[in-house]
1. With the structure loaded, tell me whether residue 43 is touching a helix residue (DSSP H, G or I) at 6+ places or on another chain (Cβ under 7 Å), in a strand (DSSP E or B), farther than 25 Å from residue 162 by Cβ and in contact (Cβ under 8 Å) with a residue 24 or more places away in the chain or whether it fails that test.
2. Hey, among 225, 241, 157, which residue is part of a helix (DSSP H, G or I), out of contact with any strand residue (DSSP E or B) (no Cβ under 8 Å at 6 or more places or on another chain) and in contact (Cβ under 8 Å) with a residue 60 or more places away in the chain?
3. Condition (residue is part of a helix (DSSP H, G or I), surrounded by fewer than 19 Cβ atoms within 10 Å (Cβ to Cβ) and either on the phi > 0 side of the Ramachandran plot or touching a helix residue (DSSP H, G or I) at 6+ places or on another chain (Cβ under 9 Å) (or both)) applied to segment 92-101: is it met by at least one residue?
4. Would you check if residue 211 is outside any helix (DSSP H, G or I) and out of contact with any strand residue (DSSP E or B) (no Cβ under 9 Å at 6 or more places or on another chain)?
5. Do you know which of the residues in segment 3-14 that are touching a residue at least 40 places away in the same chain (Cβ under 8 Å) and either over 17 Å from the mean Cα position of the chain (by Cα) or part of a loop (DSSP other than H, G, I, E, B) (or both) is farthest from residue 212 (Cα to Cα)?
6. Within segment 53-82, count every residue that is part of a loop (DSSP other than H, G, I, E, B) and closer than 15 Å to residue 39 by Cβ.
7. Of these, 23, 75, which one is surrounded by fewer than 18 Cβ atoms within 10 Å (Cβ to Cβ), at pLDDT below 95 and either touching a helix residue (DSSP H, G or I) at 6+ places or on another chain (Cβ under 7 Å) or under 25 Å from residue 96 (Cβ atoms) (or both)?
8. Residue check: is residue 32 closer than 22 Å to residue 151 by Cα, free of Cβ contacts under 8 Å to residues at least 40 places away in the same chain and in a strand (DSSP E or B)?
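The values are calculated or read from the model by the stated rules, or taken from the named source; none is laboratory data. Small disclaimer: the values here were computed from a predicted structure and weren't measured. Here Cβ is always computed from backbone atoms with ideal geometry, including for glycine, and neighbour counts include all displayed protein chains.
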């Protein structure tokens, strides 16, 4: 059983398209839940038939949808949490399930690998829909979509969040690795097979003026938003997170 959780904030016009993408999956979700954060402007939202709608009178930012995920039915199997700016191909959930059977872990739509301090400033390796690959790739953390077993959420909330204003993606991978030895991966995104991809529209919706990374809802600048994420990465490492480069180094010693 799969429960999909969609997020609505300032792109309400995309909800129907996302729901249609999910219902067109080769392995469609059994439940579709919609988490709606409070937006600065009035949002008129039409809820697709058969979906559960939870509306908040407060903007709980990035973590609220993961709190809602705790209410999924016991032993529901899997949870797939989606950002509101991606449109998955029809075999995306099938791809996640197949990959999970081969290599259990947290599966994300796009992910990156941290670099040691001496390489700071260089471009990090990215995988997923941003940089296609024919195989499962391990990453340190990622986002846009998170596919995991429902009972793993206890590890996410069992670790005190470093911030509730940013970096839910970092927090999730950190908590799963530290507390359960669960690693993060991107499923294969082979060139020429968009039906398997997590996102078939690229940055079409992700770089508009309402994007959180362009216009952070907490009121800080874009530059400070990214700086905050780097600080959270380092705090996670202090708390026991081991990015791939640290584990590779330890294995070689």
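1. Values: touching a helix residue (DSSP H, G or I) at 6+ places or on another chain (Cβ under 7 Å): yes; in a strand (DSSP E or B): no; farther than 25 Å from residue 162 by Cβ: yes; in contact (Cβ under 8 Å) with a residue 24 or more places away in the chain: yes.
No; evaluated as a whole, the condition is false for this residue.
2. Working: 225 fails: in contact (Cβ under 8 Å) with a residue 60 or more places away in the chain; 241 fails: part of a helix (DSSP H, G or I).
From the options 225, 241, 157, the qualifying one is 157.
3. yes
4. Taking the combined requirement at face value, the residue satisfies it.
5. Result: 14.
6. At the first step, the residues of segment 53-82 found to be part of a loop (DSSP other than H, G, I, E, B) are 56-63, 72-77.
Those left that are additionally closer than 15 Å to residue 39 by Cβ: 56-62.
Final tally of qualifying residues: 7.
7. Just one listed residue meets the conditions, 75.
8. Considered against the rule, which asks whether it is closer than 22 Å to residue 151 by Cα, free of Cβ contacts under 8 Å to residues at least 40 places away in the same chain and in a strand (DSSP E or B), residue 32 comes out as yes.
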